[in-house]
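Peer 1: What follows is a structure written as structure tokens; I'll ask about it next.
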Amino acid sequence: MIEQSVQWRKELGAADSLSRPLDRAKRELMAKHFLSYYAGYDKKGNLVYVEHTAAVQFELLQQNLTLDELIHAHVQLQEYQQLVCALTQYDPY
């Protein structure tokens, strides 16, 4: 299963997805209608990511973005979490 995941990441270009942003209008649409945020860290220092999937207006997003663009935006969000947020120094104080 890990090998399939690694292959999928390669095919998708996940490793360099942050260097290929969506255009500004589409990024703003995702930010407004794909409700998710980083809530901070738990007691063990793990990054807490919240995604309010039930409130996402998928119909609106599908009218303005292709499925590939939606997937790319979500992968970018996860890559950002891993490369930027999760690698920052956790300091509970």
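Peer 1: Using only the Cα atoms of the range 1-43, what do you get for the radius of gyration and for Dmax, in Å?
Peer 2: Rg and Dmax of the range 1-43, Cα atoms, are 14.6, 37 Å.
Peer 1: What length, rounded to one decimal in nm, is gained on full extension from V48 through to L35, with 0.36 nm per residue of separation minus their alpha-carbon distance? Provide the component values of the computation, followed by the final result.
Peer 2: On the way: separation 13, 0.36 × 13 = 4.68 nm, distance 1.44 nm.
Result for the pair: 3.2 nm of gain on full extension.
Peer 1: Tilt of helix 67-80 relative to the longest C-alpha principal axis of the chain, in degrees (0 to 90, nearest 10)?
Peer 2: 20 degrees
Peer 1: Where nothing but the Cβ of Lys and Arg (+1) and of Asp and Glu (-1) is charged, how large is the charge dipole of the range 3-56 around its Cα centre, in debye to the nearest 20? Don't skip to the answer; put the middle values down first.
Peer 2: Values: 9 positive and 7 negative charges, 31 e Å.
Taking the Cα centre of the range 3-56 as origin, the dipole is about 140 debye.
Peer 1: Could you give log10 I(q)/I(0) at q = 0.22, 0.23, 0.24, 0.25 Å⁻¹ for the chain, computed by the Debye formula over C-alpha point scatterers of equal weight, without solvent?
Peer 2: -1.20, -1.24, -1.27, -1.29
Peer 1: Given the Cα-Cα distance of M1 and R27 and 0.36 nm per residue of separation, how much length would full extension add, in nm? Kindly include the intermediate steps, with their values, before the conclusion.
Peer 2: Values: separation 26, 0.36 × 26 = 9.36 nm, distance 3.12 nm.
Going from the current span to full extension adds 6.2 nm.
No lab work stands behind these numbers, since they all come straight from the coordinates. Model, not experiment: these values are computed from the prediction. We place every Cβ from the backbone using ideal geometry, glycine too, and count neighbours over all the protein chains shown.
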